[in-house]
Amino acid sequence: LAERFRLSYHRERREYQVTVVILGKTGMRLARLPDDSPRFRSTQVPLPDGGVRITMTGKVADLFPVMGSFGGFRQPVDETGLDGIYTWVRDQPAAGAGMTSQEASRESFTNMLEAAGLKLETRTVPKETIVVDHIEKAPTGN
C-alpha cells in the first residue's frame, strides 16, 4: 500500500469515549446457564401494547453487536468479569410520542441490563490510532 498508493501514516494516542458494562451494587441477578448451552439465540414475541418481548441467550459480550445497532453505546467494553451464558429478556415498547424506535430500544436495553444487576458507564480512554497523512486516489502501476 505504501508503494502503490504512496501511503504515509503515523500512530498516535487519542482519547475515545467507550461504554463500559460493569457489575452493579447487587451483582449479577441472572442465573448462569450450563456452559454447553447454545449461544446466541434470539426470539421475539409480540406484546399486546404493540411492543415486543425479546429473549436472547448468550454471554455479556454477545450483546455488544445488538448494542451497536441502537446508537449511543460507544465501543462497548465488558468489565463484569462474567464468563457465563445467560438468558436476557427485555420488553421493548412501541415507540411512543416524542421517542424514536431507536431511543425506545436503547432505553429498554439499558433497563434489561440494570434488571440483570449490571450498569453502564461512559468513559474516555486513550487508544492507539493510525492516522493517514497522505494517500493517492489512484494506485501506481504494478
Along the range 40-49, Karplus-curve 3J(HN,Hα) (6.51, -1.76, 1.60; θ = phi - 60°) to the nearest Hz, with x for Gly and Pro, reads 6, 10, 9, 10, 10, 10, x, 9, x, 7
Taking a ≥ b ≥ c as the square roots of the eigenvalues of the Cα gyration tensor, with a/c under 1.5 meaning rounded and otherwise prolate when a/b exceeds b/c and oblate if not, the chain is prolate
Longest principal axis of the chain (C-alpha) makes with the long axis of helix 101-115 (C-alpha) an angle, in degrees to the nearest 10, of 60 degrees
Charge dipole of the range 47-98 built from unit charges on the beta carbon (Lys, Arg +1; Asp, Glu -1), centred at mean Cα; most positive-end Cα among Val77, Thr87, Gly51 is Gly51
Calculated from DSSP helices alone, with each H run of at least 4 adding -39500 (n - 2.57) and the total divided by the residues of the chain, [θ]222 nm to the nearest 500 comes to -4500 deg cm²/dmol
Mean accessible area per residue over the chain (1.4 angstrom probe, all protein chains present, square angstrom) is 64 Å²
Per the rule of 0.36 nm per residue minus the C-alpha distance, extending Lys59 to Thr43 adds in nm 4.2 nm
Carbon plus sulfur, as percent of the 1.4 Å-probe accessible area of the chain, comes to 51 percent
The range 64-107 scanned against label point 7 Å out from Tyr16 along Cα→C-beta; backbone N under 19 Å for 64-80
Partner lysines whose C-alpha sits under 18 Å from that of Lys119, ignoring same-chain residues fewer than 8 away, are Lys25, Lys59
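The values are calculated or read from the model by the stated rules, or taken from the named source; none is laboratory data. Because the structure is predicted, anything quoted here is derived from the model rather than measured. Because the Cβ atoms are built from the backbone with ideal geometry, glycine has one as well, and the counts that use them run over all protein chains shown. In case anyone asks, the SASA skips ligands and DNA or RNA and just uses the protein heavy atoms, side chains included. Shrake-Rupley method; radii C 1.70, N 1.55, O 1.52, S 1.80 Å.
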